[in-house]
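Please treat every number below as a calculation from the coordinates, not as lab data. Owing to the predicted nature of the structure, the values given are computational and were not obtained by experimental measurement. Neighbour counts run over all protein chains shown; Cβ positions are idealised from the backbone, glycine included.
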Amino acid sequence: MERQQRGHHGQLREGSAAEELPVHALTTAEALLVWGIRHWVGCLKAMTDPIPLLMAGFGSGGVAEAVRPLEAILMLTLDTAISPRDVRCTHCATIGDGERDLLAAVAFELAGRPIDTVGKLREWLPVASSRVAKDLIADIARALHNCGLWFRCVANTGRGALGGTISTSGLPFRLPLQCIDGIGRPASG
């Protein structure tokens, strides 16, 4: 089933039917972030502290330092989001648009594209919140990079602030076009 993606104020983006992205197609880093988002929301609904669970999960991947910035950006989103976020349950086999957008923001940051990171964050956060969230995304990206965890749409070629560039080769899915180069063409290498 195709769904239309919505932009900053809920308007449909031209030609942007979202494809279902299966969780099994994610890299370890991508899957870990989706796992963290879903369990954080689950703990919130159950009114339990998500930190011990997230520390154990992220700690097993060597990236426990990503937990606090992830929690902070999720709290910021909960408090200030200007559009609804689609976060799926822990058993869902595909990712939601909210999860996909957060993955895209981290991918931009890993690729050394801070302007695109902020642009992605502005799709669901007000200006002031997106500036705060940008720093949190940078902390998450740094933690993943330092542990050698990567995103499928970031090929380690030595380019970018954290050593990566956007690549479209080998993608089993289509991220929003902004994740390719901001205007819909594959990034030049």
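Observations on the structure shown:
- Gained length - residue 127 relative to residue 86, 0.36 nm times residue gap less alpha-carbon distance: 12.7 nm
- Relative contact order (%) - segment 22-152, alpha-carbon pairs under 8 angstrom, separation at least six: 32 percent
- Computed over neighbours whose Cβ is under 11 Å from that of residue 104, the net charge equals -4, Lys and Arg +1, Asp and Glu -1.
- Ranked by the mean number of other Cβ atoms within 10 Å of their residues, highest first, the peptides 46-52, 75-81 fall in the order 75-81, 46-52.
- Segment 22-152 shape via C-alpha gyration tensor axes, a/c threshold 1.5: rounded
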